[in-house]
Amino acid sequence: MDKLNVRLKTFQELFRRDRRPGDLVFACMFLLFCVFLLANLDDQVKWVKNTALVAEPAFWPTVSLIGMSVFAVLHLIGSLSSPRIYGRLKEFTFWVRSLEYVAYFLVYVNVVPTIGYLLSTLLFVLFLTFRLGYRRFQVFGISALFAVAVVLIFRAGLEVKIPAGQIYEYLPDWIRSFAMINL
């Protein structure tokens, strides 16, 4: 029995490390992400019959996801066996705050088909300039020029096919087609 206690202590010491704030949350979320990817693997990759195992299109993605999952489990074990350091909630809220910008981008993507690429990009860039704390007129002017340049480069220069905004239908006939193609 004494050998078992020594063995368990050695196992705990093997995985013990300094756990930083937010590490346990990250380890759990990463393991859940790995499980999600493994659960959806069959829908994303194909196994081809009469093909060598390492030549299979699904082989290396499967190997990498299994490896990633193993390391995610080891990371979680290490986080659970390490002493708790306070401040985890503060670290977690710091990372969650970055999702604010993801929400802004999702709103932007959903607004483009309605008000058009030019107007939505201009509003998006000006809003982000304001949100980042800039208040000088010159900075807003540079941001507006940047937004217009992005639209012109992508729509007119690179001819990226972005749906025209529904608002363009209300423009006069002589400018509507130009706006739908270039703006």
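Just a few scattered comments:
- Shape of the stretch 88-142, Cα gyration tensor, a/c cut at 1.5: oblate
- Axis of helix 2-15 versus longest Cα principal axis of the chain: the two differ by about 20°, to the nearest ten degrees.
- Spatial offset of the stretch 113-149 relative to the stretch 33-61 amounts to 43 Å, using the alpha carbon center of each.
- Over the stretch 98-183 - Rg/Rh using Cα atoms and the Kirkwood inverse-distance radius: 1.01
- Note that the stretch 57-131 carries a Kirkwood radius of 16.6 Å, evaluated over its alpha carbons pair by pair.
- The stretch between L132 and V25, if pulled fully straight at 0.36 nm per residue, gains 35.8 nm over its current Cα-Cα span.
- Cleavage-rule hits (trypsin sites (Lys or Arg not before Pro)) in the stretch 128-183: DSSP loop, at most 11 neighbouring Cβ within 10 angstrom: R135, R136, K161
- Charge dipole (debye, nearest 20) of the chain; +1 at Cβ of Lys and Arg, -1 at Cβ of Asp and Glu: 760 debye
- Annotation: the stretch 18-63 has a Kirkwood hydrodynamic radius of 12.7 angstrom, from the mean reciprocal C-alpha pair distance.
- Where S82, S177 fall by accessible area, highest first, once all protein chains stay in place (1.4 Å): S177, S82
- Maximal additional length on extending the V139-S98 stretch stands at 12.5 nm, based on 0.36 nm per residue less the C-alpha distance.
- Percent of Cα pairs exceeding the 31 Å cut-off, where the set is the chain: 54 percent
- Net +/- balance of residues flanking A164 in space, Cβ distance below 13 Å, scoring K and R +1, D and E -1: +2
- Since only V35, A149, G78 are under comparison, the one whose Cα sits farthest along the positive direction of the charge dipole of the chain, derived from C-beta charges on Lys, Arg, Asp and Glu, is G78.
The values are calculated or read from the model by the stated rules, or taken from the named source; none is laboratory data. Note that the coordinates shown come from a computational prediction; the quantities given were computed from them, not determined experimentally. Backbone-built Cβ (ideal geometry, glycine too); neighbour counts: all protein chains shown. Heavy atoms of the whole protein, side chains included, go into the accessibility calculation; ligands, DNA and RNA do not. Shrake-Rupley method; radii C 1.70, N 1.55, O 1.52, S 1.80 Å.
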